[in-house]
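Data block below; observations after.
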């Protein structure tokens, strides 16, 4: 029996050595070749995200032809259109007419709008939005790959970490329509640049400082919220390093950091001065929490969020997903805190095994900090809110942080878990951790005197069979538990947009005229914004969906109330369930209301009224419009009242 057992052990050892040898051969592949292959793998995986929609498909939109997807596609198209036509890209009166919207205070994404401009001008803003939303997966994963490759010098470790980050529950959730939040290739690169400027401090100080400034500038022009949350986590990282080794903060290190930072700061200030000013003090700028504040905000992670899956995970028990679906206010797009038990076990195993590597401990600490911040101001357990206060109750009151939704810190929870796993894999393959610089400190001790890697604190003992086998099982289980339930739902716009707007018939609407639509454009029924972008912003729209100043210094997503207010109340009530929340009593289709519709049309210079029959209740609205403006023209699936000014005037009195 003993020889057989020894033989089996030897066979297992040989298999383990073969696997390790294969991984080390992959690690020895030329970085450029391995990076290219990795990117192609990421792209291949991303193809399944929105099938049958293809990347840049102008005929399909993720989730629905409504709400955030339509709004963000509108924003992507507005920026290049505004610049070409001589308008301010940070302000528009083409929706929410006549008051307009401060787009700098909204989720405009001007940089992505510019990047997508060639596609927008050839195939439309839905096409560029769809392409950028799809690109968020491979680009985010690839950026994390390069950051981790830079730190670990391990191809395999970086590829695994990039996969965990770019295809995380957070990115998959925000990929349901929040381009500004799912397009996250820059945070890993910002952390990499910060490490170079503040810790590694090699010879290329100004180059890294300029790189950091450009990355910060670019992230601001994609999502100010992501930049703010990245800054919060970076602040905690710097504080931990400073507290851990205060003696390392000497004059030479501070001088090096300043020499690196001032060019980057100069670039960011020069480029961002105007958009930041416009966001904070421009016309119709918004002040105060946009989405409910820290106390009543439902978008916070649940304590059980990292271990309870949602419908977004492909392989998950139904009972667990029913509970997980209730987290973060029941919004699957925002519920991105899931990691899975296998990945958590793998992370814990990595921390315990390589606990003498201070960078593993730092990454684990930052992941834990991000998790605690994602829980919000009050602890929520299994969808039940407690009275236990949490740190976000304090930092959520800081300017620029108060608009952050706590659950969105899950992005950094995932990223630093990926860092821990990547460092552990790198150690297992014979690497020594993060790359060090010329001025290594006790946090960056050169390994074996070569001055290239850190730290040299991991004992090189021959690995046992059980350890790599356990790690391999956990890695496979972690990947399976995180497989998303793709493809994400998409809708066919050919059946959602009336043919009138996809043909030359829409040219009958006078260029630059004012349009009143039914359904009235308010969240989430903003089909009219989709009609408008399809018609290339030829006309202005009454109503829309954006964050605008409300009463008593509040922020509201609802269109400004225009007098006579009875008209908007009537249109809102019969448009959507949200309209019934705003107006609880059914408006009466009276002669007085008919007269107020005429006054409304004349007062705001409305030239065209467009009506689409969307529900049985639509007949009520049609009857009032017909009484106010006369018989309409029917074409391309809509009823139209052209020359509404003359019609309203001739029928008044």
Test for residue 487: is it at pLDDT below 90, in a loop (DSSP other than H, G, I, E, B) and more than 30 Å from residue 636 (Cα to Cα): no
Number of positions in the range 324-343 that are at positive phi and under 16 Å from the mean Cα position of the chain (by Cα): 1
Selected residue (only one of 196, 225 is under 13 Å from the mean Cα position of the chain (by Cα), surrounded by fewer than 23 Cβ atoms within 10 Å (Cβ to Cβ) and over 24 Å from residue 481 (Cβ atoms)): 225
Of all residues making up the range 537-558, the number that are within 27 Å of residue 595 (Cβ to Cβ) and either at pLDDT below 90 or in a loop (DSSP other than H, G, I, E, B) (or both): 5
The listed residue being more than 18 Å from residue 409 (Cα to Cα) and in contact (Cβ under 8 Å) with a residue 12 or more places away in the chain, out of 317, 306, 298, 342: 342
Flag if residue 421 is touching a helix residue (DSSP H, G or I) at 6+ places or on another chain (Cβ under 9 Å) and modelled with pLDDT of 85 or more: yes
Condition met for residue 466 (modelled with pLDDT under 90, in the same structural domain as residue 317 (by TED's automatic domain parsing), touching a helix residue (DSSP H, G or I) at 6+ places or on another chain (Cβ under 9 Å) and over 22 Å from residue 176 (Cβ atoms)): no
Residue match in the range 358-370 (condition: touching a residue at least 40 places away in the same chain (Cβ under 8 Å), in contact with a strand residue (DSSP E or B) (Cβ under 9 Å, 6 or more places away or on another chain) and buried (at least 24 other Cβ atoms within 10 Å of the Cβ)): no
Residue 518, sole failed condition from (1) farther than 18 Å from residue 507 by Cβ; (2) under 26 Å from the mean Cα position of the chain (by Cα); (3) modelled with pLDDT of 90 or more: (2)
Which listed residue is under 17 Å from residue 593 (Cβ atoms) and touching a helix residue (DSSP H, G or I) at 6+ places or on another chain (Cβ under 6 Å), from 566, 561: 566
Residue in the range 537-552 that is within 30 Å of residue 424 (Cα to Cα), under 28 Å from the mean Cα position of the chain (by Cα) and in contact (Cβ under 8 Å) with a residue 40 or more places away in the chain present: no
Contacts under 7 angstrom Cβ, first residue in the range 572-599 being over 19 Å from residue 561 (Cβ atoms), partner modelled with pLDDT of 85 or more, 6 or more apart: 589/620; 589/623; 589/624; 594/624; 594/627; 594/628
Selection count where residues are within 19 Å of residue 510 (Cα to Cα) and either touching a residue at least 12 places away in the same chain (Cβ under 8 Å) or buried (at least 22 other Cβ atoms within 10 Å of the Cβ) (or both), scope the range 619-636: 4
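Which residue out of 289, 263, 309 is modelled with pLDDT of 90 or more, assigned to a loop (DSSP other than H, G, I, E, B) and either closer than 30 Å to residue 378 by Cα or more than 25 Å from the chain's Cα centre (by Cα) (or both)?
Residue meeting the stated conditions: 309.
Kindly establish whether residue 234 is at pLDDT 95 or above, surrounded by fewer than 24 Cβ atoms within 10 Å (Cβ to Cβ) and assigned by TED's automatic domain parsing to the domain that holds residue 341.
When the stated conditions are applied, residue 234 passes them.
To keep it simple, each residue is scored yes or no on (1) surrounded by fewer than 24 Cβ atoms within 10 Å (Cβ to Cβ); (2) part of a loop (DSSP other than H, G, I, E, B); (3) on the phi < 0 side of the Ramachandran plot.
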position	(1), (2), (3)
386	yes, no, yes
394	yes, no, yes
404	no, yes, yes
408	no, no, yes
412	no, no, yes
416	no, no, yes
427	yes, no, yes
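So that you can scan it fast, the table gives a plain yes or no per residue for (1) more than 23 Å from residue 218 (Cβ to Cβ); (2) part of a loop (DSSP other than H, G, I, E, B):
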{"site": "70", "(1), (2)": "yes, no"}
{"site": "78", "(1), (2)": "no, no"}
{"site": "82", "(1), (2)": "no, no"}
{"site": "88", "(1), (2)": "no, yes"}
{"site": "94", "(1), (2)": "yes, yes"}
{"site": "97", "(1), (2)": "yes, yes"}
{"site": "111", "(1), (2)": "no, no"}
Segments classed as helices (runs of 4 or more DSSP H), wholly inside the range 125-204, with at least 1 members that are closer than 27 Å to residue 493 by Cβ and in contact with a strand residue (DSSP E or B) (Cβ under 7 Å, 6 or more places away or on another chain): 125-152, 169-174
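One line per residue, one yes/no per condition, for (1) in contact (Cβ under 8 Å) with a residue 12 or more places away in the chain; (2) surrounded by fewer than 24 Cβ atoms within 10 Å (Cβ to Cβ):
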site	(1), (2)
86	no, yes
115	yes, yes
123	yes, yes
140	yes, no
150	yes, yes
163	yes, yes
Hits in the range 196-227 (condition: under 13 Å from residue 184 (Cβ atoms) and without any contact (Cβ under 8 Å) to a residue 60 or more places away in the chain): 215, 219, 227
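The values are calculated or read from the model by the stated rules, or taken from the named source; none is laboratory data. All values derive from a computational prediction rather than experimental measurement. Note: ideal-geometry Cβ built from the backbone for every residue, glycine included; neighbour counts use all protein chains shown.
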